[in-house]
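For reference, the structure is listed below as structure tokens.
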Amino acid sequence: MTPTQYVESLVGGGITVSNVVYTGAPSQIGNFNGTASNIGFPSGVIIAAGPVTGLVGAAGTADAGQPGSGLSDPGLLSVAQSVTSNPQSGNINSTNDAAILEFDFVPSSNVAGFNFVFSSDEYLTYINSVFNDVFAFFVSGPGITGPFASPAGFPGGAQNVAVLPGTNTPITISTIHPGLNAAFYVSNAGGTTHTHNGFTTPIPVELSVQCGETYHFKFAIADCQDTYLNTAVFIEAGSFFSDAVDVTVATVSGDTTIVEGCTDANFIFTRPEGETGDTLVINYEIDGEAIEGTDYNALPDSIIFLPGEDSVVVNLSPFQDGLDEGFESVTITVELVNICGDTIISSGIIYIGDGPILNITESDTLVLCANDSVPLYVSAFGGYAPYSFSWTDTLGNSIGTGDSIYQGISENGFIDVLVTATDNCGFSGVDTVTLTLNQTLSIDTIFIGSATCEPDGYVSAIVSGETTTPEHGVYYSWTNALGTTGPAASVWTDLPSGWYYISVEDAVCTTSDSAFIELLDPPIASLVATPEQGCAPLIVSFDYSGSQNGDAYDLTFGDATSQSSVIVEEMTNTYDGVSAAVFTAQLIVSQGVNCKDTTQVQITMNICGCTDIDALNYEPTANFDDGSCTYPVPPEPLVTAPNVFTPNADEDNTNEAFYLTYENLSELELFIFNRWGNIVYNETSVDPDNINPSWNGLINNSGKEAEEGVYFYKYVAVGLEDTFGDAEPVILEGHGFVHLIR
């Protein structure tokens, strides 16, 4: 660009510029696209102490900053020497490679401002050193006084406004870094969008000016003390403004284009920060080829800035109507009369594009060999890049993604593969890729000769469609299931039964097949054991008469014994031992030395006996109960009674009570009757061993003594319970006479 074009790209509403002059090497100024960067601005102008192209790359790449203009600037030297936080500032005695952009401007309000970012590749190594690169924004004009030189016609001198917000401290790497004013510092370690090691956050500059007056702006940047390692300043495009209200457009793509059904746009209304104290209502006009409510959403007819608000956003979202209308414009215009009495018009415009028709480019592919996987390629145009691709078969099964895949075909003929291209807006299209196989090499037939137990089988392959060259003939390769290789020929003889695999290679392709050689009249083993289970000693007969095509029979019984025979005959074996066991008997039927067949049968030998630990004949080694258990039977109950007793409290206290003597009872009841049949005593005990009913000669325990004489007794005795059986206890009933003597 020309210097004037650079300045005009920075200017927003309410600013008129003139007398643009640039001093420095052409390589030290340029414009930038920051939409994919971390710098903080979508676009603008960059000025550096060396070539601006040195900023292109990743943070790990040094921006040497050479060569520059070779110019110095006394104002910049004064700024560098004034940085009191840098202990080496007094030792800075030169500036080099200065780049200076200056112009006059007339504001349309009492406020003017712009936004910038400072960056340097001297971060963090040269903080507080003499290599403290410097920049400044020198402003001069009515109402401004300052210590720096200003052009003729601006007698008040110039003021540096490139200072920390709210201070008079110039911005350098020694005043903004992780140890000082860290809130304004951004590390670019690992950054991929520009080479400088660090930079500041976006910093606004706001100037108090007089409406309609002419001011002078000078931007200057330079190396200090050396000419190595670059320093730069990014100024945001359109941010130099002096409007009451400015209208800008923001889109996803970064330009003024949006797409139906995909992207939308924001109209951003902005007023200066210094004029945010009051409520402001702005009416605006909507114009353009697109129709509100038909091509895009309905928008409000006015906006309101509340106190403290400096921006309001109006969103425009286009409708997908499926019509081919080309690009249609939408313009929003704000018309205001500023404090100078001038009519200021600010507008923003966007263009709505139709949903695209995607075009897919692909190529059909011819495959010469069935075992080949070939690449399929696809590209798309006509939509909004980037594109994504998905591949499916004709049944809809996914087979890959990306602009290329590998695909094979197993049989002669063709298959179709479908590819869907989807653009960044979600629009898609489908195309078909045809994959055709034309393999001429073929194994037409494999002749098979069956084998007996002698290895006398064979396989023979018949091949057609082979392609040969003087350097490459037709090659055969055989293997069997064990991996043994065969001859390099079309025939393999003297083979036993089994699978055989052949691979044939010509000058173009390789094909393969397999064949199975059957076995004629093989030996078949059959074995029947009678019985298969029983008690030791267990005698088992083995019958293998159902076996076929054998000339030798070997029978192992599983107990380290065996028998062999060349004829079919009955074999027996006795299984014995002191513990239960399972034996596997195995029969091998042989036909010559090459063929054998095997079968097995299991014999279970049990140790039989009584397995109940409570039985009289419990057998601890038995694992099978043969029903022989016997159990103890409770003994018969016995009861005896005396025929006289003397409850007279004699000196030796003998025979004072009448009671029964018994054995093997669980319950006892005793009755005593007088000669008239009246009961004079009755007691029942369910624990006769501890409580034995006894009559002490008193009538029903009343304290009245019974008279001497003969009394009749009766008892009911219940025998012991049968613990191991289900027999009811024995019940004894008895009676007799007893003579009471006092």
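Per the listing Ala581, Ala585, Ala560, the residue uniquely surrounded by 14 or more Cβ atoms within 10 Å (Cβ to Cβ) and modelled with pLDDT under 95 is Ala581. Filtering segment 51-69 down to residues that are touching a strand residue (DSSP E or B) at 6+ places or on another chain (Cβ under 6 Å) and of a type in the set (Gly, Ala, Ser), which residue is surrounded by the fewest Cβ atoms within 10 Å (Cβ to Cβ)? Selected residue: Ser69.
Listed by first and then second residue, the pairs with beta-carbon distance under 8 Å, at least 6 apart or on different chains, first residue in segment 683-707 and over 23 Å from Val639 (Cβ atoms) and β-branched (Val, Ile, Thr), second at pLDDT 90 or above and in a loop (DSSP other than H, G, I, E, B), are Ile699/Ala706.
Elements of the type strands (runs of 3 or more DSSP E) sitting completely within segment 492-592 and holding at least 1 residues that are in contact with a Cys (Cβ under 6 Å, 6 or more places away or on another chain): these cover 533-535, 581-591. Residues that are among the β-branched types (Val, Ile, Thr) and closer than 18 Å to Gln600 by Cβ within segment 549-568 comprise Thr556, Thr561, listed in sequence order. Of all residues in segment 338-368, those being modelled with pLDDT under 85, part of a loop (DSSP other than H, G, I, E, B), surrounded by fewer than 18 Cβ atoms within 10 Å (Cβ to Cβ) and aliphatic (A, V, I, L, M) number 2. With a requirement of 2 or more residues that are in contact with a Leu (Cβ under 7 Å, 6 or more places away or on another chain) and among the polar types (S, T, N, Q), the strands (runs of 3 or more DSSP E) lying completely within segment 378-490 that satisfy it span 404-408, 428-437. Take the conditions (1) surrounded by fewer than 21 Cβ atoms within 10 Å (Cβ to Cβ); (2) in contact with a Pro (Cβ under 9 Å, 6 or more places away or on another chain); Thr192 misses just one of them, which is (2). Taking the condition under 30 Å from Thr432 (Cα atoms) and exposed (fewer than 15 other Cβ atoms within 10 Å of the Cβ), does Glu325 pass? When the stated conditions are applied, Glu325 passes them. Looking only at segment 204-235, residues that are in contact with a Pro (Cβ under 7 Å, 6 or more places away or on another chain) and more than 22 Å from Leu76 (Cα to Cα) come to 4 in all. Out of Gly719, Gly725, Gly697, I need the residue that is within 30 Å of Thr611 (Cβ to Cβ), among the small types (Gly, Ala, Ser) and surrounded by 16 or more Cβ atoms within 10 Å (Cβ to Cβ). Which one? So the residue among Gly719, Gly725, Gly697 that is within 30 Å of Thr611 (Cβ to Cβ), among the small types (Gly, Ala, Ser) and surrounded by 16 or more Cβ atoms within 10 Å (Cβ to Cβ) is Gly719.
Going through Asp255, Asp223 one at a time, which residue ends up being under 28 Å from Ile332 (Cβ atoms) and either without any contact (Cβ under 8 Å) to a residue 40 or more places away in the chain or in a strand (DSSP E or B) (or both)?
From the options Asp255, Asp223, the qualifying one is Asp255.
Residues of segment 373-398 that are under 30 Å from Val504 (Cβ atoms) and surrounded by 15 or more Cβ atoms within 10 Å (Cβ to Cβ): Val374, Leu376. One residue stands out in segment 527-557 among those that are of a type in the set (Gly, Ala, Ser) and exposed (fewer than 15 other Cβ atoms within 10 Å of the Cβ): the one that is nearest to Gly609 (Cα to Cα), namely Ser541. Would you check if there is a residue in segment 160-175 being in a strand (DSSP E or B) and surrounded by fewer than 17 Cβ atoms within 10 Å (Cβ to Cβ)? Looking for residues that are in a strand (DSSP E or B) and surrounded by fewer than 17 Cβ atoms within 10 Å (Cβ to Cβ), one finds none in segment 160-175, hence no. Taking the stated definitions as given, is Gln533 in contact (Cβ under 8 Å) with a residue 40 or more places away in the chain, out of contact with any Phe, Trp or Tyr (no Cβ under 7 Å at 6 or more places or on another chain) and not acidic (Asp, Glu)? Against the criterion (in contact (Cβ under 8 Å) with a residue 40 or more places away in the chain, out of contact with any Phe, Trp or Tyr (no Cβ under 7 Å at 6 or more places or on another chain) and not acidic (Asp, Glu)), Gln533 qualifies. Checked against the criterion of being under 29 Å from Val106 (Cα atoms) and either polar (S, T, N, Q) or in contact (Cβ under 8 Å) with a residue 60 or more places away in the chain (or both), the candidates Pro165, Pro170 yield just one match: Pro170. In segment 499-514 there is no residue matching the filter, namely being touching a residue at least 40 places away in the same chain (Cβ under 8 Å), surrounded by fewer than 16 Cβ atoms within 10 Å (Cβ to Cβ) and among the aromatic types (Phe, Trp, Tyr). Among the residues of segment 90-126, those identified as of a type in the set (Gly, Ala, Ser), modelled with pLDDT of 95 or more, over 23 Å from Val21 (Cβ atoms) and buried (at least 21 other Cβ atoms within 10 Å of the Cβ) are Ser119, Ser120.
The values are calculated or read from the model by the stated rules, or taken from the named source; none is laboratory data. Every value quoted in this text rests on a predicted model; they were computed, and no experiment measured them. We place every Cβ from the backbone using ideal geometry, glycine too, and count neighbours over all the protein chains shown.
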